Every structure is written in C-alpha cells, then in structure tokens.
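To keep things clear, I will list the structure first and then write my remarks on it.
Derivation of every value follows stated rules applied to the coordinates shown; laboratory data play no part. Owing to the predicted nature of the structure, the values given are computational and were not obtained by experimental measurement. As a convention, Cβ positions derive from the backbone with ideal geometry for all residues, glycine included, and neighbour counts pool all protein chains shown.
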Amino acid sequence: MIYVTLFEADFYEKLEGKKVHCLLCPRSCIIEPDKLGNCQARKNLDGTLYALDFNRFTSVDDDPIEKKPIYHYKPGSRTMSFGTAGCNLHCDMCQNWSISQISAESKNLINITSEHAMDLVRKHNCDTLAYTYNEPLINFEWIRETGTLAHENGFGNILVSNGLINAKPLEELITIIDAANIDIKSFSEDFYRDIAHFPGLEQIKKNARVLYENGVHVELTMLLIPNHNDDDDEIRQFSRWVIEVMSDRVPIHFSRFYPHYKMQHVPPTPVETVLNAKKIAEEVGLKYVFTGNLPYSEINTTYCQNCKAILVERVHYNVKIKHLGKDCKCRKCNTISDFRV
C-alpha cells in the first residue's frame, strides 16, 4: 500500500452507498468506495473524496518562461515548474504520458508543501510558479493554496493546462492566475472524443474566454498532428474564433508533433505544415503567431505593432529584450505593447 497525506477534496457531493460525485471537471465522475476518479488523482475513501496529488509531485524544475510557452508575460524570466501525476484527458499523442497517465498513488512522488514551494522559487531566483507538465487543474486545492501564498510573497502564477474544469472551481482560481497557456488540442469535438477521449472542446473554449475576460494573460497552443488537426480550414476556424471571442493580439503557438505514446506510428509533422499554419493565422488577422518544436533554431521575434521595431528577439530559449521598456512601451515610438511584466 502507498501511504499519502490525506487532504479532503473540494467540489464533490456524497451519494448513497458511500459513493461520491466529483464536480471538479466536466467528466463528473461517480466514484465507488476505494476507487479513483478518471484523472487518477482523486480517491473515494469510505465516502469521502481525497485529493491525492496535494503536496505530492513527479516533476519540479526551474524553466525559461518561454518553455511553457509564455512569450508576452515576463519575457526572459525563469519560472519554478511543478508537475503532479494524472490527467483528466488521455490523449493518444501525450508527450508527458509517463506522469500524466499514472496514478497519484504511485511510488517515488516528491513531497512539497506550499511553503517549500516558496523556498524553491527564491532559491532558483524565479519570478513565478508554473503549474504544468501533467494536468495541473486536477491538483486544484494545492494550486489555490500555493497560488495565494505566491501572491502574498510577490510571485506570479502561471497555469499551463488543457483547460478542462468546471465553471465554479475556475472562478476560485481566476484571481490568483496571472498568465495561462491553454492547450487547444484541436478545433474539432470529434478529435477530442476520439484522440483525447473526452468531448470537452466547448467547455475548454468557454474557460479560455473566461480567463481572458477576467484579465488573465492568455496564450494558446495547438500541437499540429498530420492528418488529424492540421487542415487549413480548421486552422482558419480556430484563428477566427480567437479574434472573435478574445483578441487578434492573443499569442498563438503552433507546435510540431513528434511520435509519442499511442501515436508512434504517426510521422513527425512536416515543417512546412507548421509554417503554413502560421501563415494562415496571420492572414486571418492574428498579430502574434509563433512556432514550436521545429528542428532548427526557431526565430520567434515580437515586433512593435506600430513602428515594427524588435521588442523581444527569441532564438529557441535565448531571449533578448530589445526595444521593450519596463513600462511595456516600445522604446522607439512609445506605443504601449501587448506585454505584461
């Protein structure tokens, strides 16, 4: 038996026969006694639901903030990243399947309290904490506690997520999340059903919009998989949606797929496909479109939308702040940029 510190979960209701109904995400799991929810991170013990990921982690590291990827919030800084175990999606192409598709009851997880997390942020000279690697929202309680403590200590909070959570718990996190990268797997519900194994696209779209409308800095990522979500029309639909419900200045990241997990039979995405997606998105009207996972040093430069001066130059994770002032204005023309620092 694996012994873990028991922390009662929020957002659930007790049912007859000591069953529980988890209300954290749209999966709405009915969990039998001594069983785990679909995410493998919440367990029913004698009629009480526990958050097994609380204070327990598989992965901890300090990263360039651009690795999340977050490009327009605190560029060039480092973030202390925390990953737990489990996920409420089960994507066939998952790049972090070794931690996202395991139980939070697994051995060798690292114990990290919220206070210890603050010590790690200071030790590694980071400006922010990033909840990332697997699906962080299934560790809702720890993020809420740690994110609140981070703000009290002057640190920012970054959420890197699939965006699959119910409205009420998301509302509780909005005030502590400063920046978020939401992974849009595809702009097709069929893809979510068949490849991610849950049709959650509409809720994810709503959540991304809610984050944006409540002042969170939002960036979006789409991993392009050959013959699955790389159709030109799908890229156009996605890009138009971003402009219509958020802004043409939301940074978008199109990343190249490499064979992983249950999609090792699928070849890597052609470089031309990624560059074509960037071209289409820009033609639709998006101002900041970036590429990722390409086999050469990527040049992802952000230009001033007024005078076209280089604000931030990026070659892979090497970042140079050029004409971006600390006041988020362009040093050449004094135009307010779309960065937050």
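Taking the stretch 157-199 as the range and being surrounded by 21 or more Cβ atoms within 10 Å (Cβ to Cβ) and small (Gly, Ala, Ser) as the test, the residues that pass are Ser161, Gly163, Ala179, Ala180, Ser186, Ala196. For the list (1) without any contact (Cβ under 8 Å) to a residue 40 or more places away in the chain; (2) in a helix (DSSP H, G or I); (3) closer than 22 Å to Gln95 by Cα, I need the number of the one condition that Ile235 fails. Of (1) without any contact (Cβ under 8 Å) to a residue 40 or more places away in the chain; (2) in a helix (DSSP H, G or I); (3) closer than 22 Å to Gln95 by Cα, only one is false for Ile235: (1). Total residues in the stretch 288-318 satisfying the condition of being without any contact (Cβ under 8 Å) to a residue 40 or more places away in the chain and assigned to a strand (DSSP E or B): the figure is 9. Any residue that is in contact with a strand residue (DSSP E or B) (Cβ under 6 Å, 6 or more places away or on another chain), buried (at least 16 other Cβ atoms within 10 Å of the Cβ), in a loop (DSSP other than H, G, I, E, B) and not β-branched (Val, Ile, Thr) - is there at least one of those in the stretch 266-279? Scanning the stretch 266-279 turns up no residue that is in contact with a strand residue (DSSP E or B) (Cβ under 6 Å, 6 or more places away or on another chain), buried (at least 16 other Cβ atoms within 10 Å of the Cβ), in a loop (DSSP other than H, G, I, E, B) and not β-branched (Val, Ile, Thr).
Within the stretch 112-135, restricting attention to residues that are in contact with a strand residue (DSSP E or B) (Cβ under 6 Å, 6 or more places away or on another chain) and not in a loop (DSSP other than H, G, I, E, B), which residue is surrounded by the fewest Cβ atoms within 10 Å (Cβ to Cβ)? Per the criteria, the residue is Leu120. Could you grab me the full set of residues in the stretch 50-64 that are outside any loop (DSSP other than H, G, I, E, B) and either surrounded by fewer than 24 Cβ atoms within 10 Å (Cβ to Cβ) or out of contact with any Asp or Glu (no Cβ under 8 Å at 6 or more places or on another chain) (or both)? The answer is Tyr50, Arg56, Phe57, Ser59, Val60, Asp61, Asp62, Asp63, Pro64.
Here Asn108 fulfils each of the conditions (1) in contact with a Ser or Thr (Cβ under 9 Å, 6 or more places away or on another chain); (2) on the phi < 0 side of the Ramachandran plot apart from (2). When residues of the stretch 238-257 are filtered for being without any contact (Cβ under 8 Å) to a residue 40 or more places away in the chain and part of a loop (DSSP other than H, G, I, E, B), how many remain? Qualifying residue count for the region: 4. Screening Leu23, Leu6, Leu52 for residues that are over 24 Å from the mean Cα position of the chain (by Cα) and touching a residue at least 12 places away in the same chain (Cβ under 8 Å) leaves exactly one candidate, Leu6.
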